[in-house]
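Here the structure is laid out as C-alpha cells; the discussion comes afterwards.
The values are calculated or read from the model by the stated rules, or taken from the named source; none is laboratory data. Everything numeric here is computed off the predicted structure, so don't read it as measured data. For neighbour counting, all protein chains shown are included, and Cβ atoms are generated from backbone atoms with ideal geometry for every residue, glycine included.
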Amino acid sequence: MTSKVRQGMPAPHLGKDVFRLRFFNQFYDPAFPKSELERACEVAWRIYRDANKAPRTQPAGAEFADPNYNVSVEWLAARDAIKAAEVKHRDATLPARILLINASPRSEHTCPGEMSKTYRLIEAARDALVAVPDTECEILDLSRLTSEYERHIYP
C-alpha cells in the first residue's frame with residue numbers, strides 16, 4: 001500500500017507590501033532612523049525573496065554523500081552539539097541529567113503579582129532531583145519567550 005501525498009495548504013510567501021509592513025512594525029518607536037530602516041528593509045526583502053536561508057555555508061565534508069555540498073555552518077554546529085550531547089548521554093560514568101521544562105508563558109515580568117506557580121513547581125522538582133546522588137538538572141524556562149527581548153525557539 002502506498003501513501004497518497006496530500007498537498008494544498010496556502011503558500012506562506014509574503015508579498016513585498018506585507019513584508020515591509022511587518023518589518024517596520026518591529027521599529028515602531030520614532031527614534032529609529034527611517035532612511036536607515038528603508039535600506040535595511042530592502043536588504044531583508046531581497047534575502048527573503050531569494051529564500052537565502054543559509055547565508056553562511058561551507059563544504060559538508062568527507063562523511064557526507066556529497067562532500068562538496070555547501071551546508072549551513074549553523075546546521076553543522078547544531079549537529080556537532082547534538083553528537084557531543086549523545087556522547088555524554090551514553091557515558092554511564094557521568095551523572096544522570098534531567099531537563100525540566102517550564103512551559104508557562106507567565107512570570108512576574110509579564111503578569112501582575114508574583115512568579116508563576118509552574119515556575120515554583122519546577123524549582124521544587126529541581127531541588128528534589130538534585131538531592132538524588134549523581135543527578136543533575138537543567139531548566140528550560142519558556143516564560144523567557146514572552147519576557148525577554150527577541151527570544152525565539154524555532155521548531
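Of all the residues in region 116-137, those that are surrounded by 11 or more Cβ atoms within 10 Å (Cβ to Cβ) and either within 28 Å of residue 26 (Cα to Cα) or not hydrophobic (A, V, I, L, M, F, W, C) (or both) number 8.
Within region 125-155, can you find the residues that are over 23 Å from residue 109 (Cα atoms) and free of Cβ contacts under 8 Å to residues at least 40 places away in the same chain? Result: 127, 128, 129, 130, 131, 132, 133, 134, 155. Restricting 51, 78 to residues that are under 22 Å from the mean Cα position of the chain (by Cα), on the phi > 0 side of the Ramachandran plot and of a type in the set (Gly, Ala, Ser) narrows the list to 51. Screening residue 95 with (1) surrounded by 10 or more Cβ atoms within 10 Å (Cβ to Cβ); (2) in contact with a Pro (Cβ under 8 Å, 6 or more places away or on another chain) gives one miss only, at (2).
Given the criteria modelled with pLDDT under 95 and surrounded by 12 or more Cβ atoms within 10 Å (Cβ to Cβ), does residue 74 qualify? Break it down into steps so the answer makes sense when it comes.
On the way: modelled with pLDDT under 95: yes; surrounded by 12 or more Cβ atoms within 10 Å (Cβ to Cβ): yes.
For residue 74, the condition - modelled with pLDDT under 95 and surrounded by 12 or more Cβ atoms within 10 Å (Cβ to Cβ) - is met.
Kindly evaluate residue 133 against the criterion of being assigned by TED's automatic domain parsing to the domain that holds residue 151 and in a loop (DSSP other than H, G, I, E, B). In short, yes. Residue selection: residue 37 satisfies the criterion of being more than 24 Å from the chain's Cα centre (by Cα), part of a helix (DSSP H, G or I) and outside the structural domain of residue 152 (by TED's automatic domain parsing). Checked against (1) at pLDDT 95 or above; (2) in contact with a strand residue (DSSP E or B) (Cβ under 6 Å, 6 or more places away or on another chain), residue 119 passes all but a single condition, namely (1).
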